[in-house]
1. Please specify each residue of the range 262-287 satisfying the condition of being out of contact with any helix residue (DSSP H, G or I) (no Cβ under 9 Å at 6 or more places or on another chain) and either surrounded by fewer than 18 Cβ atoms within 10 Å (Cβ to Cβ) or on the phi > 0 side of the Ramachandran plot (or both).
2. Check whether at least one residue in the range 232-250 is of a type in the set (D, E, K, R) and part of a loop (DSSP other than H, G, I, E, B), and report yes or no.
3. Only residues that are surrounded by fewer than 21 Cβ atoms within 10 Å (Cβ to Cβ), out of contact with any Phe, Trp or Tyr (no Cβ under 7 Å at 6 or more places or on another chain) and farther than 26 Å from Leu147 by Cβ: list them for the range 288-318, please.
4. Taking interchain pairs and intrachain pairs at least six residues apart, which have beta carbon atoms under 7 angstrom, with the first residue in the range 397-424 and over 13 Å from Pro332 (Cα atoms) and the second among the aromatic types (Phe, Trp, Tyr) and outside any helix (DSSP H, G or I)?
5. Given the criteria touching a helix residue (DSSP H, G or I) at 6+ places or on another chain (Cβ under 9 Å), surrounded by 13 or more Cβ atoms within 10 Å (Cβ to Cβ), under 30 Å from His142 (Cβ atoms) and polar (S, T, N, Q), does Asn259 qualify?
6. Applying the selection to the range 96-128, what residues are among the aliphatic types (A, V, I, L, M) and without any contact (Cβ under 8 Å) to a residue 60 or more places away in the chain?
7. Please go through (1) of a type in the set (Phe, Trp, Tyr); (2) assigned by TED's automatic domain parsing to the domain that holds Ile181; (3) over 17 Å from Phe77 (Cβ atoms) for Tyr341 and return the number of the only condition it doesn't satisfy.
8. Anything in the range 53-69 that is touching a residue at least 24 places away in the same chain (Cβ under 8 Å) and touching a helix residue (DSSP H, G or I) at 6+ places or on another chain (Cβ under 8 Å)? List them, or say none.
Amino acid sequence: MELPRGMKDFEEDELEKIEIVREKFLETSKLFGFKFMDPSPIESMETLEAKSGPAIRDEIYFFTDKGKRDIALRFDFTIGLTRWVVSQKSLRLPAKISSFGGVWRYDEPQRGRYRYFNQWNIEIFGKPSLESETEIIEFSSHLFGSLGFKNIIIDLNHRKLVESFINKVFGSTDQTLILDIFRAVDKIQKKSKEEILNEYGQKGYSAENLEKILQFSEMKGTPEEIEARVDPTQLACWDELKELWASLQNRDVKNIRINFGVVRGLDYYSGLVFEVFDKNSDLGALAGGGRYDSLTKALGREDIGAIGVAGGVERMILVMDEQGIVESKKQPRISVVYVNYEMQKKAMNLASKLRQKHIPVDVDLLGKSLSKQMEAATDSSYSIIVGPKELAQDSVLLRNMKNGVENMVHIKNLLADPKTILNL
């Protein structure tokens, strides 16, 4: 039997690494004062289509339930959290919320991204402010740093700045055109320039204008470096980007640069956008976010805005594995083995008493021979051997599985202070 395309089973090693990321994320959430919640994994299609329109159906898992309602599995946390926030009329603002869990997307499976994957997410809802934007980016930088990433760069941009350049090049403010060109810019990280020119040429776009847009999207660096190459002062929101840069510098966030090629694919972004990359990896963005005030308005709140960021956990783990950043932290285990069948019940009793003291213990359940039990205990740090000779002295034989050293231990002493005796 095979899984549906794009799905996978999560085995122990990967789950342990996911838990490492989750623990650091929760730790960082508390550090920055974000309140943790898990929005519903099922949303109504009406909610999802409020901003994204019917086209979203091509990208998500949706179905009609037994009550004849059109519903869908969440494809991110942002829409669910926004739905919840706009419904909480008495919620104190700004509301800082974090989430971590699984999401479903019906897109093409790729390295580091299946159709079901884990994501971390933070959002700030309230009156738009520079410091809210800075807070989100500082959080992202801190989280990756706490996980041991050394080569992280956070690319910053503003959708309205790119929009103003598109207006200038195409001589148009048509929103359909603008969103189409945004998608062309977003694709430059995944496709060659020739592929994009060919694709958009077939749609009727001028190759000359597209070349100007794509050249513009290649500009990146500090504000001073960009101003030395072009004059961005005539473009919308350049001053806002510079203010954001100064605010991040004030918070000691140094791993940043301005990148005119970052626009983010989702249409609900309305201002600042940013993406997080590892400079030594070819996996693409590890996290991304921005301001999306239009989404809160689409769901019924004209008085609040929002900014957020989300990261793909499995993609982060791939980079961590490639660079040896974090190994899974397997807790040392103890094996209780028995010499013969008559010793089995005593071994089970001893294993249970150790587990009651929070000692991770393995014990054979099938009555295997001692040699088979010892073979299975190879990965344990210690084996506790229960035999009639030792038991007659209320003792067991403790074997260090790394160096083979053995010594007798009184059961009473073992149970009194197991963590010291077993070096846990």
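The values are calculated or read from the model by the stated rules, or taken from the named source; none is laboratory data. Keep in mind that this is a model prediction, so the values were computed, not measured. Here the Cβ is made from the backbone with ideal geometry for all residues, glycine too, and neighbour counts use every protein chain on show.
1. At the first step, the residues of the range 262-287 found to be out of contact with any helix residue (DSSP H, G or I) (no Cβ under 9 Å at 6 or more places or on another chain) are 275, 277, 279, 282.
Lys279, Asp282, listed by residue number.
2. Going residue by residue through the range 232-250, those that are of a type in the set (D, E, K, R) are 239-240, 242-243.
After this cut, where a residue has to be part of a loop (DSSP other than H, G, I, E, B) as well, the list is none.
Scanning the range 232-250, I find no residue that is of a type in the set (D, E, K, R) and part of a loop (DSSP other than H, G, I, E, B), so the answer is no.
3. Here is the first cut: in the range 288-318, the ones surrounded by fewer than 21 Cβ atoms within 10 Å (Cβ to Cβ) are 293-294, 297-304, 310, 314, 318.
Those left that are additionally out of contact with any Phe, Trp or Tyr (no Cβ under 7 Å at 6 or more places or on another chain): 293, 297-303, 318.
Passing the criteria: Asp293, Lys297, Ala298, Leu299, Gly300, Arg301, Glu302, Asp303.
4. Leu398/Tyr382; Arg399/Tyr382
5. Numbers: touching a helix residue (DSSP H, G or I) at 6+ places or on another chain (Cβ under 9 Å): yes; surrounded by 13 or more Cβ atoms within 10 Å (Cβ to Cβ): yes; under 30 Å from His142 (Cβ atoms): yes; polar (S, T, N, Q): yes.
Yes, satisfied.
6. Keep residues of the range 96-128 that are among the aliphatic types (A, V, I, L, M), which gives 97, 103, 122, 124.
Scanning the range 96-128 gives a single hit, Val103.
7. With (1) of a type in the set (Phe, Trp, Tyr); (2) assigned by TED's automatic domain parsing to the domain that holds Ile181; (3) over 17 Å from Phe77 (Cβ atoms) applied to Tyr341, the lone miss is (2).
8. To start, the set of residues in the range 53-69 that are touching a residue at least 24 places away in the same chain (Cβ under 8 Å) comprises 58-61, 69.
The one that is touching a residue at least 24 places away in the same chain (Cβ under 8 Å) and touching a helix residue (DSSP H, G or I) at 6+ places or on another chain (Cβ under 8 Å): Ile60.
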